Each structure stands twice: as C-alpha cells, then as structure tokens.
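Structure first, then comments.
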Number of protein chains: 2
Amino acid sequence: MRFYDCKIAPSPRRVRVFLAEKGIEIETVQVDLASGEQFGEAFRNINPDCVVPVLELDDGSYLTEVVAICQYLEALYPASPLLGGSAEERARVSMWNAKVEQSGLFAVMEALRNFSKGFRGRAVSGAASHEQIPELAERGRRRIFEFFDRLDGRLGEAAYLAGEDYSMADISALVFVDFAKRVKADIPDDCSNLRRWYGDVSRRPAAAA
Amino acid sequence: MRFYDCKIAPSPRRVRVFLAEKGIEIETVQVDLASGEQFGEAFRNINPDCVVPVLELDDGSYLTEVVAICQYLEALYPASPLLGGSAEERARVSMWNAKVEQSGLFAVMEALRNFSKGFRGRAVSGAASHEQIPELAERGRRRIFEFFDRLDGRLGEAAYLAGEDYSMADISALVFVDFAKRVKADIPDDCSNLRRWYGDVSRRPAAAA
C-alpha cells in the first residue's frame, strides 16, 4: 500500500493520526498542494477529484475519502479499534464522525477557502474552479462557533464523542479544532468540556502526526 | 425500534429506500418539517440537531445521520447487503457514498436552501438560523451539473457506483438526482451512462419508498 498525503492539509491528517494511533507504517508520498500538483495529469490519474488523502492498494487501485480509507485500514489492522466494537458502538462513531465533517470541518473549509487569497478561484475543494463568496466565509465562521458549543454540550455527557472510548470521531474533531485556528477561531473560554477533551486528545502521542 | 421520517425530505428517503431494499418494516413516525415540528421541544429531545432521519433503538437511545443508521441496520439485518461484502467492497461503497453526499446532495441543499422562499432564515439544515446567500445557490447549481458529469464518467466504467453490485452509494445517488429536480436540474442528455443507470435504479420497486 502507498499513502498519498500532504503535511499541511487537514483531511490527510485525519488518516495520519489514525495510522499513528494504530502504530501502522505505510509508504507515504507527499503531494504538493501548495504548488497545485493535485491538478497535474499524474495526480488526476490517481484521483480525478484532485484531493488527498488517497490510499493505493496492493493491486494498484485507489481508495479516496477519509472514512473509506480508515474503514479499510481498520479491517486490515483490527487491533486498537478506532471505529467501535459492537454494531451500536460502530454506528455511534460513524454518527459523530459525520456530524464533525458536516458541521465542523466543512464550516472551516467554507471560512478559509472563501476568504484566504491563496484559495482564490478554488473556493470548493476538488477539480472544478469556483470563485470565493465572502458572505460564505463569514457564515462558515459563525458555524464553527455553533459547533464548538455543540461539541461542548456533548462532551459534558461523555468522555469522548462516541461514548467512553476514544475513536475516529475524536480524531476528526481534533483535526477540526486545529484546522479552525487557520481562520483564527479558538475554543471559547466557557466551553470547559471541550477544553478538557481537547487537552486530553492533544496530549496523545499520535496527535503530533 | 422506531424510525423518525419525513416523506418530503431527501435524507430520510435514503433510509426508506434502504429499508425497502432489505424488506425491513419498522414503526415509523412522520415529523412535520414543513410546519417546523423539528424545532419544537419534543423533537429537540430526540435530536438536538433538529433533523431527520432518526432511529430510536430498543433501549430508548437515538441514532442520527444516514450513514450511521444504515450501518446499524445492515449489522442487524445482514441479508441483501447494501454496504458491500469484502473489506475493499465496503470501503468502495463508503467512498462513493461520501462523494455523493459532499458533491451531490450538499450541492442541491446549497442550491435549494439559499434560493427557495420557504427556507429563508434556514439556509443551513440544523438548529441554527442562517440567512440565504443567493450567490451560493448559483454555485450549488453549477456543482450539481459538475457532479452529473462526474457520475456519468464513473458509470461508464462500472454498472453501479461502487462496482458490479447495487449498493447504498446508488441509493444516495438516486436520491441526489431526484432531489436535484427540486431546483429544476435534470440529467443532461449527453450523460448517457448516468441516464442508463438512473433508468435502471429508478425501476427498482424500492425506489418508490
């Protein structure tokens, strides 16, 4: 297998932390998103959607999308499970992971890509060009803070997002909180549950991945 | 178990088609989204994110998010699998399902919710109020057509999105194509692979769910 990564991007970081938590080492290729390597012909043959992460399988086929890659890796390396044990636990991990993607990670993407000069003409991740919408950047910022509150509420009920065990949903939320710093959005002081959880998950060695 | 549904909404339809394909019958409660029942205190206690679908489990707890609900139902009712067989097949279903959500269903949501009078002040699904952004409605429409092309390309390579077998990814894409009609976006004539596939999946009895 071969992992197509980009050190500065949040989506592949979710896979990197997942791999580090499980102690898996895979041959890794850095894709230079800053210079637009993802839009070149070579990378389009790997992923026509022009995004990382990508996992190249041993038969030469490619898997994309964080959830799909992590699901495949969990099946191959079931030790230290990060996607839950029982059917219900697995569903709760998927549920929280989906909420973090839709209400957290996508909100930061909206805020960053519709604001930063570096993303002019590339306001939506992927192959197509789209101009920035400044109002959407502002809405994205508001949604980030709404989601900080949502997470804070949940983490007042349970130690981790999906329940008592650290999971993929926490990895996604850790990456969300760190990604939000790129638009100068930090956990508010009154979100004490979220701050407690963030300190906890940030101290795990895999968080450095 | 009890299923919280809304007949006119696309997300719960994905679960309805999934249930119908598997021949599962569950007690179903209609939530009246048109009158705002999802924002009332009774429904907030079921799902504070104020969206359907929701699956109430036998212990009285709730599962939300389409992927999580279907994953749980597949574990309980493994016959007629819709999430793939092998680890690789399962990952390919998740991958295409994620692409359809992000680039298809969310694009229609952007186009519809930022345009239709009925969604004023509710441009983002969920508990919080957000004003419409007309430019985003236009961008959503462009993204719908980009994704029609993407699906057409994929369906020139394989009978169904995840490969040779009908799966959850096809259910999500069927719901995307039908949902796009709400913003008067239809499959272009030159997308012959997508049209062939759409005729095929629409004729399945479960598509009426």
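Things to note:
- Selection status of A:Ser172, of a type in the set (Gly, Ala, Ser) and under 18 Å from the mean Cα position of the chain (by Cα): yes
- Hits in segment B:154-180 - residues which are in contact with a Ser or Thr (Cβ under 8 Å, 6 or more places away or on another chain) and open to solvent by 10 Å² or more (accessible area, probe 1.4 Å): B:Tyr160
- Residue in segment B:103-118 that is under 13 Å from the mean Cα position of the chain (by Cα) and either on the phi > 0 side of the Ramachandran plot or outside the structural domain of B:Ser172 (by TED's automatic domain parsing) (or both) present: no
- Screening segment B:124-154 for residues that are touching a His at 6+ places or on another chain (Cβ under 8 Å) and assigned to a helix (DSSP H, G or I) and picking the one that is nearest to A:Arg139 (Cα to Cα) gives B:Arg139.
- Selected residue (criterion: most open to solvent (accessible area, probe 1.4 Å)) from residues of segment B:54-73 that are in contact (Cβ under 8 Å) with a residue 24 or more places away in the chain and more than 20 Å from B:Trp96 (Cβ to Cβ): B:Asp58
- For segment A:34-48, the count of residues that are touching a residue at least 12 places away in the same chain (Cβ under 8 Å) and within 11 Å of chain B (Cβ to nearest Cβ) is at least one.
- Of everything listed in (1) within 14 Å of chain B (Cβ to nearest Cβ); (2) open to solvent by less than 60 Å² (accessible area, probe 1.4 Å); (3) more than 21 Å from B:Ala162 (Cβ to Cβ); (4) in contact with a Lys or Arg (Cβ under 7 Å, 6 or more places away or on another chain), the single unmet condition for A:Arg14 is (4).
- Qualifying residue in segment A:89-101 (condition: within 7 Å of chain B (Cβ to nearest Cβ), under 22 Å from A:Val54 (Cβ atoms), under 19 Å from the mean Cα position of the chain (by Cα) and hydroxyl-bearing (Ser, Thr, Tyr)): yes
- Within segment B:61-88, the set of residues being at the interface with another protein chain (Cβ under 9 Å from one of its Cβ atoms), under 26 Å from A:Asp149 (Cβ atoms) and touching a strand residue (DSSP E or B) at 6+ places or on another chain (Cβ under 8 Å) comprises B:Leu63, B:Thr64, B:Ile69.
- Residue check, A:Val51 outside any helix (DSSP H, G or I) and open to solvent by 20 Å² or more (accessible area, probe 1.4 Å): yes
- Condition met for B:Glu157 (in a helix (DSSP H, G or I), modelled with pLDDT of 95 or more and either of a type outside the set (Lys, Arg) or touching a helix residue (DSSP H, G or I) at 6+ places or on another chain (Cβ under 7 Å) (or both)): no
- In the set (1) crowded, with 17+ Cβ neighbours inside 10 Å; (2) assigned by TED's automatic domain parsing to the domain that holds B:Leu33; (3) of a type in the set (D, E, K, R), B:Arg92 fails one condition alone, (2).
- Filter result (within 16 Å of B:His130 (Cα to Cα), open to solvent by 10 Å² or more (accessible area, probe 1.4 Å) and more than 7 Å from chain B (Cβ to nearest Cβ)) within segment A:104-136: A:Phe106, A:Glu110, A:Pro134
- If the condition is being within 23 Å of A:Leu112 (Cβ to Cβ) and in a loop (DSSP other than H, G, I, E, B), then segment A:162-188 contributes A:Lys184, A:Ala185, A:Asp186, A:Ile187, A:Pro188.
- A:Asp58 touching a helix residue (DSSP H, G or I) at 6+ places or on another chain (Cβ under 8 Å), within 11 Å of chain B (Cβ to nearest Cβ), charged (D, E, K, R) and not in a helix (DSSP H, G or I): no
- Of the residues in segment A:23-44, not one is touching a strand residue (DSSP E or B) at 6+ places or on another chain (Cβ under 8 Å), assigned to a helix (DSSP H, G or I), of a type in the set (A, V, I, L, M) and outside the structural domain of A:Ile171 (by TED's automatic domain parsing).
The values are calculated or read from the model by the stated rules, or taken from the named source; none is laboratory data. Only a predicted model underlies this, so the values are computations on that prediction, with no experimental measurement involved. Reconstructed Cβ throughout: ideal geometry from the backbone, glycine too, with neighbour counts over all protein chains shown. To get the accessible areas, we keep the full protein, side chains included, count just its heavy atoms, and leave off ligands, DNA and RNA. Shrake-Rupley method; radii C 1.70, N 1.55, O 1.52, S 1.80 Å.
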